[in-house]
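Take a look at the structure below.
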Amino acid sequence: MNTRIVALLTLALAAVTVPAMAADQRLNVIATTEDLASIAREVGGDRITVESIARGYQDPHFVEAKPSFILKLQKADLLIVVGRELEIGWLPPLIQQSRNAKVQDGAEGYLDASQGVRILEIPTGQITRAMGDVHPQGNPHYWLDPENGRAIAKSISDKLSQFRPGDRAYFDQRLTAFGARLSEAEKKWLAMMAPYKGTKVVTYHRSFPNFADRFGLDIVGYVEPRPGIPPSPGHTLELIQEMKRQNIKLILVEPYFDLKTPESIARATDATVLVMPPSVGGVKEAGDFFGLFDYDVTLLVNALKAAAGK
Ligand SMILES: [Zn+2]
């Protein structure tokens, strides 16, 4: 065999074997939501593979368990969860049935992303059933604040470095780059929202307290009478009266809720219904963590501009 053929063969073999080996070495990460998957992708780069279980257009409290989810969990090195009981209705049996010791609650490959983030609405006093689906560990929709996104990225980076100490510098560098990009974007989003500080809105579910807190909205009521409880005529009437009294013109609705009640409230109050995704993948334009805020902030600003011009 002449050297040229040997060289070509070597090249051909390299082309076949090297990517396959690299793929095997990548950490297999599963995130419960597309938001966490997006942030993990930013930090993990080409050293990990990431998939999410819930889709962004689904209600993350109620995800239909599928056998394919168990298969994903079986092969996972790391599972990242939102925590604060967001996934309590569907995730524990999936983890158990995966029989993967690595990703059981408390194991090294189980990361609760809510550690180290700012959590709102932590209830004080006794919680009763009458309060509805109240989260005793606070509101779990905390990712809708860029600053919490930063904290989530840090937790993920630390965990990835724990698994792959040799790649620590790589993850650190990506974390820094993500943080810098986020700071720039956040400045832009805050500037866009600044003229509307203190705007009163109503939301369907309690998905937006962190978003409202960061961007200066004032949430004064909910279409749901209590978290997880469908609208009732009595509550809807009270809400209409309150919206009229406070002159509230905006109702934010997550994409997975029925628009019938919000639209009837809007008709009664001359308000606008905005379908606003709380998650990456909630609409196709919100393709990643940055796209989610880009989409939501632009949606709000356009609606508020239109309302001001009325
Ligand atoms: Zn909730």
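The values are calculated or read from the model by the stated rules, or taken from the named source; none is laboratory data. From a predicted model like this one, the values you see are computed outputs, not experimental measurements. So basically every Cβ, Gly included, is an ideal-geometry build from the backbone, and we count neighbours across all protein chains shown. Heavy atoms of the whole protein, side chains included, go into the accessibility calculation; ligands, DNA and RNA do not. Shrake-Rupley method; radii C 1.70, N 1.55, O 1.52, S 1.80 Å.
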Binned at 10 Å starting from 0, the alpha-carbon pair-distance distribution of the chain in whole percents comes out as 6, 24, 30, 21, 11, 4, 2, 1, 0
Quick one: what are the phi-derived ³J(HN,Hα) couplings along region 291-305, Karplus 6.51/-1.76/1.60 with θ = phi - 60°, whole Hz, x for glycine and proline?
x, 5, 5, 3, 5, 5, 5, 5, 4, 5, 4, 4, 5, 5, 4
Please list 3J(HN,Hα) in residue order for region 252-269, calculated via the Karplus relation 6.51 cos²θ - 1.76 cosθ + 1.60 where θ = phi - 60°; whole Hz, with x for glycine and proline.
8, 10, 5, x, 9, 9, 5, 8, 4, 5, x, 5, 5, 5, 4, 5, 6, 10
Whole angstrom only: what separates the Cα centroid of region 199-266 from the Cα centroid of region 30-105?
29
Over 26 Å between alpha carbons, listed pairs K188/K305; K75/K154; K154/K197; K102/K284; K154/K200; K154/K188
K154/K197; K102/K284; K154/K200
If amide H atoms are built 1.01 Å from N in the plane of the peptide, which residues on other chains or at least 5 residues away come under 5 Å of the amide H of I219?
V201
Could you give me the ³J(HN,Hα) list for region 85-96, computed from phi with Karplus coefficients 6.51, -1.76, 1.60 and θ = phi - 60°, whole Hz, x at Gly and Pro?
6, 4, 9, 4, x, 9, 7, x, x, 5, 4, 4
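Specify whether the C-alpha gyration tensor of region 175-216 places it in the rounded, prolate or oblate class, a ≥ b ≥ c being the square roots of the eigenvalues: rounded for a/c under 1.5, otherwise prolate if a/b is larger than b/c and oblate if not.
It comes out oblate by the Cα gyration axes.
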Mind computing the radius of gyration and Dmax over the alpha-carbon atoms of region 81-225? Å is fine for both.
18.0, 52
Looks like region 27-123, by Cα gyration tensor root eigenvalues a ≥ b ≥ c and the a/c under 1.5 rounded cutoff (else prolate when a/b is bigger than b/c, oblate otherwise), is rounded
May I ask for the equivalent-ellipsoid semi-axes of region 143-293, computed as the square root of five times each C-alpha gyration tensor eigenvalue and listed largest first in whole Å?
37, 16, 12
Quick query: amide H of I53 versus all other amide H atoms, modeled in the peptide plane; which residues come in under 5 Å with a sequence gap of 5 or more or a different chain?
A31, T32, T33
Distance between modelled label sites at K188 and L120, nm, 7 Å Cα→Cβ extension
2.4
Taking the highest mean first, how do the peptides 296-304, 80-88 order by number of other beta carbon atoms within 10 angstrom per residue?
80-88, 296-304
Apportionment of accessible area to carbon and sulfur, region 150-277, percent (1.4 Å):
52
Going by average Cβ density within 10 Å per residue, which order do the peptides 167-174, 261-268, 40-47 take, highest to lowest?
40-47, 261-268, 167-174
The chain: calculated mean residue ellipticity at 222 nm from DSSP helix runs of at least 4, using -39500 (n - 2.57):
-15000 deg cm²/dmol
Using only the alpha-carbon atoms, what does region 225-268 span along each of its principal axes? Please give whole angstrom values in decreasing order.
27, 19, 15
5 angstrom amide H check on L252, placed H, neighbours 5+ away:
V202, T203, Y204, L274
Under the 0.36 nm per residue contour assumption, what length would be gained going from the current alpha-carbon distance of Q74 and L237 to full extension?
53.8 nm
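May I ask what percent, to the nearest 5, of DSSP beta bridges between residues of the chain are antiparallel? Each step should come with its number before you reach the end.
Values: 0 of 21 bridges.
Around 0 percent of the beta bridges assigned by DSSP in the chain are antiparallel ones.
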